[in-house]
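All remarks here apply to the structure that follows.
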Amino acid sequence: MKNTDLIPEIANDMTPRKVRDSQTETHAIVHPDNTNALHNAFGGYLMGLMDVAACVVAFNHAGRKVNTISIDGVRFFRPATLGTILNIHASLNRAFNTSMEIGLKITETDPVNKCELPIAHGYFTFVAIGEDGRPTAVAPVEPETEEEKRRYEQALVRREARIALGKKLG
Ligand SMILES: CC(C)(COP(=O)(O)OP(=O)(O)OC[C@H]1O[C@@H](n2cnc3c(N)ncnc32)[C@H](O)[C@@H]1OP(=O)(O)O)[C@@H](O)C(=O)NCCC(=O)NCCS
């Protein structure tokens, strides 16, 4: 499937959908050409991985072309060194009218303690694009778990903050 494809049965169905219907987990390895002088992954490389994973989630939910409109809340917690196997988690926090906030988390797995260590996270907002090239409505999302419900509520707070900041700065 391509991000240019239209999936009519998804795109035209405004029934609320589950978070698990669109979420994704991908992996990548930090290669030499992804690193800086400190032999750690470039922030831009990590953001690129997050953007692609977020695009997959937005496309899965919208069933039509999607476009990144904003990125915020990006935080790098620890360096990803050369050779690190990265886990990229992407999940729809909330769908508004034409836009969707996707939460991204990059981790590496601690093989001894079998836990995931945070490397970076961020919020990517995508807009569904209609046949006329303009933003078009997407179905709502229905959070199920406590964590999904928390993300759903917090996504609204961040949206209001984005709108308020945009108005304040003009
Ligand atoms: C995406 C695009 C078509 C949207 O058109 P627009 O006229 O700017 O958007 P609108 O003002 O109609 O807003 C569309 C949605 O984006 C939201 N939005 C606008 N500014 C935003 C921001 N700074 N952060 C988050 N969401 C934002 C609006 O709230 C609206 O969402 P809603 O319908 O759910 O309320 C246009 O901005 C664009 O083409 N941008 C460039 C995209 C691009 O090249 N991305 C990089 C490569 S993918």
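Roughly how much of HIS31 is accessible, in Å² to the nearest 10, using a 1.4 Å probe?
Counting only protein heavy atoms, the figure is 100 Å².
Any idea how far the Cα center of the stretch 77-153 sits from the one of the stretch 1-70, in Å?
After rounding, the separation between the Cα centres reads 8 Å.
Between GLU9 and GLN154, what is the label-to-label distance in nm when each label sits 7 Å out along the Cα-to-Cβ direction?
3.5 nm
Which trypsin sites (Lys or Arg not before Pro) in the stretch 1-75 sit in a loop by DSSP (not H, G, I, E or B) and have at most 15 other Cβ atoms within 10 Å of their own Cβ?
Details: sites: LYS2, ARG17, LYS18, ARG20, ARG64, LYS65, ARG75; in loops: LYS2, ARG64, LYS65.
Sites meeting the loop and neighbour criteria: LYS2.
Nearest 10 degrees is fine. How inclined is helix 43-62 to the longest principal axis of the chain, computing both from alpha carbons?
Rounded to the nearest ten degrees, it is 30.
Hey, any idea what Rg/Rh is for the chain, computing Rh the Kirkwood way over Cα pairs?
On the way: Rg = 16.7 Å, Rh = 16.8 Å.
The Rg/Rh ratio comes out at 0.99.
Enter the angle in degrees (range 0 to 90, nearest 10) between the Cα long axis of helix 146-169 and the first principal axis of the Cα atoms of the chain, meaning the one along which they spread out most.
80 degrees
Net charge within 13 Å of LEU46 by Cβ-Cβ distance, Lys/Arg positive one each and Asp/Glu negative one each, not counting LEU46 itself? Walk me through the numbers on the way to the answer.
Working: positive: ARG75, ARG78, LYS105; negative: ASP51, GLU108.
So the surrounding residues net to +1.
Provide the gained length on full extension for the span ASN113 to ARG75, in nm with one decimal, where the gain is 0.36 nm per separating residue minus the Cα-Cα distance. Mind dumping the intermediate values first?
Values: separation 38, 0.36 × 38 = 13.68 nm, distance 2.37 nm.
Full-extension gain reported as 11.3 nm.
If R0 is 35 Å, what FRET efficiency do you get for GLU131 and ASP21 from their C-beta distance, rounded to 0.05?
Working: r = 23 Å, r/R0 = 0.67.
Step by step, r from the Cβ atoms, then E = 0.90.
Pick out, in residue order, every one of the chymotrypsin sites (Phe, Trp or Tyr not before Pro) in the stretch 1-106 that is DSSP loop and has at most 13 other C-beta atoms within 10 Å; say none if there are none.
Numbers: sites: PHE42, TYR45, PHE59, PHE76, PHE77, PHE96; in loops: PHE42, PHE77, PHE96.
Here the sparse-neighbourhood loop sites are PHE77.
The values are calculated or read from the model by the stated rules, or taken from the named source; none is laboratory data. Since the structure is predicted, the reported quantities are computational estimates derived from the model, not experimental observations. Positions of Cβ are backbone-derived with ideal geometry, glycine not excepted, and every protein chain shown enters the neighbour counts. In case anyone asks, the SASA skips ligands and DNA or RNA and just uses the protein heavy atoms, side chains included. Shrake-Rupley method; radii C 1.70, N 1.55, O 1.52, S 1.80 Å.
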